Amino acid sequence: MLSRLEGQPFLNPPEDWFRPLSQTPVLTYFFPHDHKDPSVLQRANTLGRTRLTNETRLVQIAKPLFKGHIQPNTYCIDTDGKITDWSDADPSAIARQIELAQEYGINGFVVDAYVERGRDGTIKSELQKPLDLIAQQTVRSSTKFCLMTSVRRPRAIIPIPPGYNEPNRYYPFEEETLYAMVDYLAKFWDNPNYFHIDDRPVLGVYGLTSSVLRELVKNMGIPAWEKLGETMALYSVIKYHVHPYLIGVVDSPQMVDHVVKAGFDMVTTYAGLVDFYPELISSPYKEIVDPKSLSPFQHYNEQLAKQIQAWQRIVDLLIYNFIPSAVTGWDATARGELGVTLNDVKGQYPFTPIIVDATPEKFYNMLKAIYRYLPTRISQLGRLFIVCAFNEITEGAALLPVLRNGQVDYGYLNALKLFIANLRSNKLDQIVISPSEQGT
C-alpha cells in the first residue's frame, strides 16, 4: 500500500494540494440495496421476519399521508424506465449505476459499509456483495469510490411500524469495533479507483449523531471519545503503515465542533438540510428535545437559509475542516408501515420530518451555496462536493431518475449535471440567490 509514511518524502506534493475550485470532485452517497443479504436476513429471522423487504418495490406502494404528498414514487436505473426493480447484488445493476454516474459527471460514490468484529475475532460484514461489485467494476471506469463505515447496522425490519425501535442495531461502542472498521476498509485501499485525499485513503465514519455520541461518552468516557479519530489513525499506521484521511459524518452542523475535537481530518453531514431536532443545540452531553413537539413539515429554502447561517457560525469558530453535503430532499415515509395517519406518527422516524417542497432547482441552488462556502477553507485539501444521495429512494433523497406520468424524469441528475458543467467551465457566478428571495 502506498502511504506518505512509507519510503522517502514526496519530492512533489499530491495534485490535490493545488487543485482549483473548478476541478473539485463531486461524490454521492450510495446505499447498497440487497434484499437477500444472508447476514441481514439472519437478524431479521431472530426478530420474527422470514424475508427482507425489497426497497425498490416498497417505494412504489407507499401511500400519501396528506394532501399534495408526493407518494408513491417509482425509480429506475435505465434510460427508458423499464428497470424499476433491482438489487445491488446484481452486477448489471451496479454497472448501470456506474454508467449513469459517469454520464452525469459524478466522480465517485461514498458507499455505506457495515462492519464488526465477531466473537471468534474475524471481521463480520453485512451488505458485502454490492461493495465487492463496486470495487470490481469501478476499475473498468473512471468512477472512484470510498467506504463509509457505520456505527449502526442496516435495518432488518422494513417497513417500520410506528414507534418501533429495532433491537441490536448499534455495534458495540468499544475500541475493537473501531479496529474492525479499519481492518475491513484496509482491504480496499490498494484498489486503483479508491478515493484518496492528500494521497491518503478516505475512511468515513457515519452515524455520529448526538444520541450516538452520548452513548460513546457513557461507554468509552470523554477522554476516549475525544481520541476516537486518533485511535483509528494510530491503529492503521501501526498495522498497515497507512495514515487514512478520516471523515466524520454527522446529522447536524451543530455536531461539528464535537467531532472535530475527536480527531477527524474532515467533518461533513449526511442529510445536512433536514432539522431532525430543530431549535436544539445538539451535544453528546445533553438530552434532546421531544421531536413529537415539532412540526412534521419543513421547507427546502427555509432550511437552506438556516444551514447557511450554521455554516457561517462554523467559520466564525475558526473550524476549517467542515464541508456540508448537498441534499436532494427528504421524505422517508415510504419506509414506514402502511395504514397510519400523520397525527399518529408525528415526530417518529421514518414518517417525519418531511421536506415538502424539494425541487431540482432548489437543489441546484444549494450546490451553488456550497460552492460559495468552499473557499472559506484554509486550502484546497479536502474540498469536495458531496451529494445526499445517489439512491436513498425510500428516504426521498435520490438522484436516480423517477417515472412521472409515464415519462422518465431526470430532474435531479440534470440539475447536478448542469452545476458540474458550469463548475468545470468556471461559469458559476459568485452570487447565490438567497432562499428568502426564492420563496418557499
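A few points about this structure:
- Scanning segment 377-408 for residues that are buried (at least 17 other Cβ atoms within 10 Å of the Cβ), in a strand (DSSP E or B) and among the charged types (D, E, K, R) turns up just one, Glu392.
- A count restricted to segment 183-217 and to residues that are at pLDDT 95 or above, assigned to a loop (DSSP other than H, G, I, E, B) and not aromatic (Phe, Trp, Tyr) stands at 5.
- Residue match in segment 319-341 (condition: in contact with a helix residue (DSSP H, G or I) (Cβ under 6 Å, 6 or more places away or on another chain), small (Gly, Ala, Ser) and at pLDDT below 95): no
- Residues that are in contact with a strand residue (DSSP E or B) (Cβ under 7 Å, 6 or more places away or on another chain), β-branched (Val, Ile, Thr) and within 23 Å of Gly248 (Cα to Cα) do occur in segment 369-379.
- The condition of being closer than 19 Å to Ala389 by Cα and either among the acidic types (Asp, Glu) or free of Cβ contacts under 8 Å to residues at least 24 places away in the same chain (or both) holds for only one of Asp78, Asp90, Asp120, Asp132, that being Asp78.
- Tyr114 being assigned to a strand (DSSP E or B) and of a type in the set (Ser, Thr, Tyr): yes
- Matching residues, segment 303-353, being over 24 Å from Gly229 (Cβ atoms) and either among the small types (Gly, Ala, Ser) or assigned to a strand (DSSP E or B) (or both): Ala305, Ala326, Val327, Gly329, Ala332, Ala334, Gly336, Gly339, Gly347
- Odd one out for Gly339, checked against (1) more than 25 Å from Ala156 (Cα to Cα); (2) exposed (fewer than 15 other Cβ atoms within 10 Å of the Cβ): (1)
- Residue list for segment 218-250, restricted to those being at pLDDT below 80 and of a type in the set (Asp, Glu): Glu226
- Filter pass, Tyr171 being closer than 25 Å to Gln380 by Cα, in contact with a strand residue (DSSP E or B) (Cβ under 8 Å, 6 or more places away or on another chain) and among the hydroxyl-bearing types (Ser, Thr, Tyr): no
- Test: residue in segment 11-26 that is within 22 Å of the chain's Cα centre (by Cα), surrounded by 11 or more Cβ atoms within 10 Å (Cβ to Cβ) and at pLDDT 95 or above: yes
- Per-region count, segment 251-299, residues outside any loop (DSSP other than H, G, I, E, B) and at pLDDT 90 or above: 6
- Scanning segment 46-65 for residues that are surrounded by 13 or more Cβ atoms within 10 Å (Cβ to Cβ) and either in contact with an Asp or Glu (Cβ under 6 Å, 6 or more places away or on another chain) or over 20 Å from Ser150 (Cβ atoms) (or both) yields a total of 10.
- Condition broken by Asp120, with the remaining ones in (1) surrounded by 23 or more Cβ atoms within 10 Å (Cβ to Cβ); (2) farther than 20 Å from Thr46 by Cα satisfied: (1)
- Residue among Ile94, Ile134 that is of a type in the set (Val, Ile, Thr), part of a helix (DSSP H, G or I), touching a strand residue (DSSP E or B) at 6+ places or on another chain (Cβ under 7 Å) and surrounded by 13 or more Cβ atoms within 10 Å (Cβ to Cβ): Ile134
- When Trp86 is tested against the conditions (1) closer than 30 Å to Leu423 by Cα; (2) among the aromatic types (Phe, Trp, Tyr); (3) out of contact with any strand residue (DSSP E or B) (no Cβ under 6 Å at 6 or more places or on another chain), the lone failure is (1).
Here is a yes/no grid of residues against (1) under 28 Å from Ile160 (Cα atoms); (2) out of contact with any Pro (no Cβ under 6 Å at 6 or more places or on another chain); (3) surrounded by fewer than 20 Cβ atoms within 10 Å (Cβ to Cβ):
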{"position": "Val345", "(1), (2), (3)": "yes, no, no"}
{"position": "Pro350", "(1), (2), (3)": "yes, yes, no"}
{"position": "Ile355", "(1), (2), (3)": "yes, yes, no"}
{"position": "Thr359", "(1), (2), (3)": "yes, yes, yes"}
{"position": "Leu367", "(1), (2), (3)": "no, yes, no"}
{"position": "Arg372", "(1), (2), (3)": "no, yes, yes"}
{"position": "Pro375", "(1), (2), (3)": "no, yes, yes"}
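The values are calculated or read from the model by the stated rules, or taken from the named source; none is laboratory data. Computed from a predicted structure; not experimentally measured. For neighbour counting, all protein chains shown are included, and Cβ atoms are generated from backbone atoms with ideal geometry for every residue, glycine included.
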